[in-house]
Every structure is written in structure tokens, then in C-alpha cells.
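The values are calculated or read from the model by the stated rules, or taken from the named source; none is laboratory data. Fair warning: this is a prediction, and the values are worked out from it, not measured in the lab. We place every Cβ from the backbone using ideal geometry, glycine too, and count neighbours over all the protein chains shown. These area figures cover heavy atoms from the full protein model, side chains too; ligands, DNA and RNA do not enter into them. Shrake-Rupley method; radii C 1.70, N 1.55, O 1.52, S 1.80 Å.
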Amino acid sequence: MPRFLMTYVRVVDRFNRLIGRIIMYGFFVMIAILLWSVLSKMLFVVPSFWTLEVSQFAMVTYYMVGGAYSLQLGSNVRMDLFYGQWNERKKAMVDSVTVLLLIFYLVVLLVGGLDSLSYAIEYQERSPTFWRPLMWPVKSIMCFGIVLMILQSVSELIKDIAELRGVEV
């Protein structure tokens, strides 16, 4: 395998591992937001209108940005009926085809996401709720997460091709 591909895999894997380990603690941010919502209603009898949407935005960040790390760890859901019994070479062959399909899907998703992001920025799109936050921050986070997943998917494809060629990554 060419040296630049191995460098790509190493850099992307390291970056996504770092981002994934950081974003992993976003779960506690969501808990804190929802805990504040409950406490403000119970103790202060003042509903927090912003907490539901902020917790939804935190969840979007958690899932979208953490998706590449999940892909890297192989913790995504797959039908293991046959897959678990295959040898590593056959797994790499099937994974390389499915990763190509995943990359295609993610590119289509990114094109739509960028279009939606540009609309949100151009027209200052807001959520149709009482609080009415701007939508471009969450849409930009979604696009960032999709880009990370594309980068990680290409890394996984390179690893699968290396496995098929018998090269250690």
C-alpha cells in the first residue's frame, strides 16, 4: 500500500478517535440540560423553554460527530448471521462493497446537508418553536459529522483493501 494511504488512515483514525473521545462526554451535557429542565420546573416553577431544543441539538452533536468514532470501533449494527462465521478476507471483501455504498449515501447526505445549511444561513432560518433559535449552528454540526464519517469510511475502505492484499495496516 502506498505510504500516503497509510498516513491518511493513521491521521484520520487518530483525529476521529480524539473527537470521539471528547464528544463521548456530551452525554453528560444532555443529562445536565434535562436535569436543569426538571429542577427549574419543580423548584422554581419556571419552565425552561430552551432546554428541550438545546438537548435535541446536543443529541444531534453527540450522534453525528460521534458517528465516525463508532464506525472506527466497528460498533455499528450489522446482521451477524453469516458475517461472524466468515474469515477475515471474506469480511474485508463484503465490507469494501458496503463501505462504497455507505460513502455514496454519505455524499448524497452531505450535498443535501450543505444545501440546507446554505439556505439556513442565507435566510436566517429559525426553529418554529417559542424559543426560535437559529438553525445554521446545528446544521453545520451535522455537515461536520457527515464529513468525519466520509473520511472514516474512506479509511475503513483502505483498511479493507489492505486486508484483501494481505498488507498489515
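Worth pointing out:
- Counted residues, the range 1-25 - those being closer than 14 Å to Y69 by Cα and of a type outside the set (A, V, I, L, M, F, W, C): 8
- For the range 17-53, the set of residues classified as within 18 Å of R132 (Cβ to Cβ), open to solvent by less than 80 Å² (accessible area, probe 1.4 Å) and in contact (Cβ under 8 Å) with a residue 60 or more places away in the chain consists of E53 only.
- Scanning the range 42-83 for residues that are touching a Lys or Arg at 6+ places or on another chain (Cβ under 9 Å) and not in a helix (DSSP H, G or I) returns P47, S48.
- Here the condition is being out of contact with any His (no Cβ under 6 Å at 6 or more places or on another chain), part of a helix (DSSP H, G or I) and either at positive phi or open to solvent by 40 Å² or more (accessible area, probe 1.4 Å) (or both); of E156, E163, it holds for E163 alone.
- Applying the condition of being under 17 Å from V60 (Cα atoms) and open to solvent by 80 Å² or more (accessible area, probe 1.4 Å) to the range 101-131 and asking which residue is farthest from the chain's Cα centre (by Cα) yields R126.
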